[in-house]
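Everything below concerns the one structure shown next.
The values are calculated or read from the model by the stated rules, or taken from the named source; none is laboratory data. Bear in mind the structure is a predicted one, so any value in this text is a computation, not a measurement. No Cβ is skipped: glycine too gets one built from the backbone with ideal geometry, and neighbour counts run over all protein chains shown. Protein only, heavy atoms only, side chains kept; ligands, DNA and RNA dropped before computing areas. Shrake-Rupley method; radii C 1.70, N 1.55, O 1.52, S 1.80 Å.
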Amino acid sequence: MAGYLGVGIGYLNVVILMPKFLTPEEIGLYRTILSSAALFAPIPLFGLRSAFVRFFPRNDDRKNAALALYGLLIFLGLFGLLAVAAFFLKPQILPFFEAKAEAINDYLWLILTLIGLMGIYSFLESILKAKKDITTPSFVRETLYKVTQSMAVILVGYTIISVHQFLQLQYLIYLFIGLLMFMFVLRKFSFKTSLNDLKGADTKEFFTYSRYALLSG
């Protein structure tokens, strides 16, 4: 049901609201920002989504909590490296867009922020799916997220916020659905663990599988 509702809301956003309240250039900038973030978000995730689904059923809750925290450290480490790389490569990145898409240069750090928030959301979503809950992630992603986008576009249409504020609002939307997903995760998953659980959780095999999952992705 959430999927059908999400399709309807998505149609409303893409076909009716955005063309009515945003110019083609503004829609293009919006889509480029989100698509760029979505393109790079799997890199710090390092194949963790597939690894959780594979390894969680074979372990108890404490070992799964150890793997989740281990995966979180991997994600934070890789995202940190990506942020450092973006900082040092910014002088090379800016000229790349100046010729045909100069407007994107004002939102490079927004893209980086969205990469992190999208990654955290996917990280939490994969834990729920590994715990055999696919309904909650589907509702949040397909319905709630699209409803918030509709509301944001309507705010632009009635000049309550500017287009720049609408674009900046994207990270608050992902922060909101990420926090909501975290609350759902806490209802079904405990992060209580110990170093002994981590040692017995096949972290080497987990890391290897995640690496290959990233490459296949």
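Restricting to region 170-207, count the residues that are polar (S, T, N, Q) and closer than 21 Å to residue 129 by Cβ. Break it down into steps so the answer makes sense when it comes.
Let us first name the residues in region 170-207 that are polar (S, T, N, Q), namely 170, 190, 193-194, 196, 203.
Right, trim to closer than 21 Å to residue 129 by Cβ and you get 190, 193, 203.
Qualifying residue count, region 170-207: 3.
Every residue in region 66-77 that is more than 16 Å from the chain's Cα centre (by Cα) and open to solvent by less than 10 Å² (accessible area, probe 1.4 Å), please.
Across region 66-77, the qualifying residues are 66, 67, 68.
Considering each of 63, 90 in turn, give the residue that is buried (at least 20 other Cβ atoms within 10 Å of the Cβ) and in a helix (DSSP H, G or I).
Details: 90 fails: buried (at least 20 other Cβ atoms within 10 Å of the Cβ).
The conditions single out 63.
Of (1) of a type in the set (Val, Ile, Thr); (2) closer than 14 Å to residue 52 by Cα; (3) assigned to a loop (DSSP other than H, G, I, E, B), residue 185 satisfies all except one. Which?
Of everything listed in (1) of a type in the set (Val, Ile, Thr); (2) closer than 14 Å to residue 52 by Cα; (3) assigned to a loop (DSSP other than H, G, I, E, B), residue 185 misses just condition (3).
Considering region 170-201 alone, what residues qualify as being closer than 13 Å to residue 70 by Cα and surrounded by 15 or more Cβ atoms within 10 Å (Cβ to Cβ)?
Within region 170-201, 191, 193, 197, 198, 201 meet the criteria.
Of the residues that make up region 29-41, is at least one at pLDDT below 90 and open to solvent by 10 Å² or more (accessible area, probe 1.4 Å)? Walk me through it before giving the result.
Step one: of region 29-41, the residues at pLDDT below 90 are none.
No, there is no match, as no residue in region 29-41 is at pLDDT below 90 and open to solvent by 10 Å² or more (accessible area, probe 1.4 Å).
Any chance region 17-25 includes a residue that's acidic (Asp, Glu) and under 24 Å from residue 155 (Cα atoms)? Spell out the reasoning first.
As a first pass, look at region 17-25 and keep what is acidic (Asp, Glu): 25.
Next, only the ones that are under 24 Å from residue 155 (Cα atoms) stay: 25.
Yes: region 17-25 contains one or more residues that are acidic (Asp, Glu) and under 24 Å from residue 155 (Cα atoms).
Here's a check for you: in region 102-161, which residue that is among the hydroxyl-bearing types (Ser, Thr, Tyr) and either in a loop (DSSP other than H, G, I, E, B) or under 18 Å from residue 13 (Cβ atoms) (or both) is most open to solvent (accessible area, probe 1.4 Å)?
Of region 102-161, the ones among the hydroxyl-bearing types (Ser, Thr, Tyr) are 107, 113, 121-122, 126, 135-136, 138, 143, 145, 148, 150, 158-159.
With either in a loop (DSSP other than H, G, I, E, B) or under 18 Å from residue 13 (Cβ atoms) (or both) added as a condition, the list becomes 138, 143, 145, 148, 150, 158-159.
Working: 138: 39, 143: 10, 145: 34, 148: 24, 150: 12, 158: 154, 159: 116 Å².
Among those residues, the one meeting the criterion is 158.
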